[in-house]
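In what follows, a single structure is set out as structure tokens and then discussed.
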Amino acid sequence: SFHITPPEGWVVIPVKSYEAMDYIASANGDSRFSAASLRVQHWWPEALRVVFERYSEKPIVIDMYGYRDSDIASAKTVDGISDIEVLPDRMIAGEHAVGYSRIVTDDGVPERYDTWLVGRHDGLWRFTLNSAPGETVVPSEARAALDTVAWGPPEPSASPSATES
């Protein structure tokens, strides 16, 4: 199971099991990008096997640097994305994380996004933090929330999900 403590005053937004996100918290309770937010996605090894067409690879190798570099290369081809930079590696809940940041400008309004990737035995975890529209710095409280991440044994209900602590 996955646990994170959202920043003080932020709202955790319920996500359905079929949605692409496993966890969303935002400064204003909106699931869109109208305020600073923190999002977490998790891909199980079998999902990675399908996405990257590595059907015979047992066990699948999670290449966080390769995924990050691919994301960066893709971002460089998109109009409105600038200031792309590699972030220094860090630890998230005792796991090695690689990251990058970028500014996305939509209708003249910039917004910073920081993304961290963590590869574990249970798949790939993607943490994305964004600033509020018009701001170019991710709030320190969103970055601090990454220090509250914890993984534990699977919850008895069986289906993988992200929960708040």
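Scanning region 102-143 for residues that are of a type in the set (Gly, Ala, Ser) and under 14 Å from Arg39 (Cα atoms), we see that the one that is surrounded by the fewest Cβ atoms within 10 Å (Cβ to Cβ) is Ala132. Given (1) touching a helix residue (DSSP H, G or I) at 6+ places or on another chain (Cβ under 8 Å); (2) open to solvent by less than 30 Å² (accessible area, probe 1.4 Å), where does Gly66 come up short, assuming only one miss? For Gly66, the exception is condition (1).
Residue count for region 72-96, restricted to those that are surrounded by 11 or more Cβ atoms within 10 Å (Cβ to Cβ) and assigned to a helix (DSSP H, G or I): 2.
On the given criteria, is Gly99 closer than 16 Å to Phe127 by Cβ and loosely packed, with under 13 Cβ neighbours inside 10 Å? Judged against the criteria, Gly99 is not a match. If you take the residues in region 132-165 that are among the β-branched types (Val, Ile, Thr) and within 16 Å of the chain's Cα centre (by Cα), which one is modelled with the lowest pLDDT? Residue satisfying both the conditions and the ranking: Thr163. Picking from residues in region 109-131 that are at pLDDT below 95 and among the small types (Gly, Ala, Ser), the one that is nearest to Pro88 (Cα to Cα) is Gly119. Every test in (1) at pLDDT below 75; (2) open to solvent by 50 Å² or more (accessible area, probe 1.4 Å) is passed by Arg49 save one, and that test is (2).
The set of residues in region 14-35 that are over 16 Å from Leu146 (Cα atoms) and at pLDDT 90 or above comprises Asn28, Ala35.
Residues of region 1-44 that are of a type in the set (Phe, Trp, Tyr), within 16 Å of the chain's Cα centre (by Cα) and surrounded by 14 or more Cβ atoms within 10 Å (Cβ to Cβ): Phe2, Tyr23, Phe33, Trp43.
The values are calculated or read from the model by the stated rules, or taken from the named source; none is laboratory data. Only a predicted model underlies this, so the values are computations on that prediction, with no experimental measurement involved. Heads up, the Cβs are rebuilt from the backbone with ideal geometry, glycines too, and the neighbour counts pull from every protein chain shown. Remember, those area values only see protein heavy atoms, side chains included, never the ligands or the DNA or RNA. Shrake-Rupley method; radii C 1.70, N 1.55, O 1.52, S 1.80 Å.
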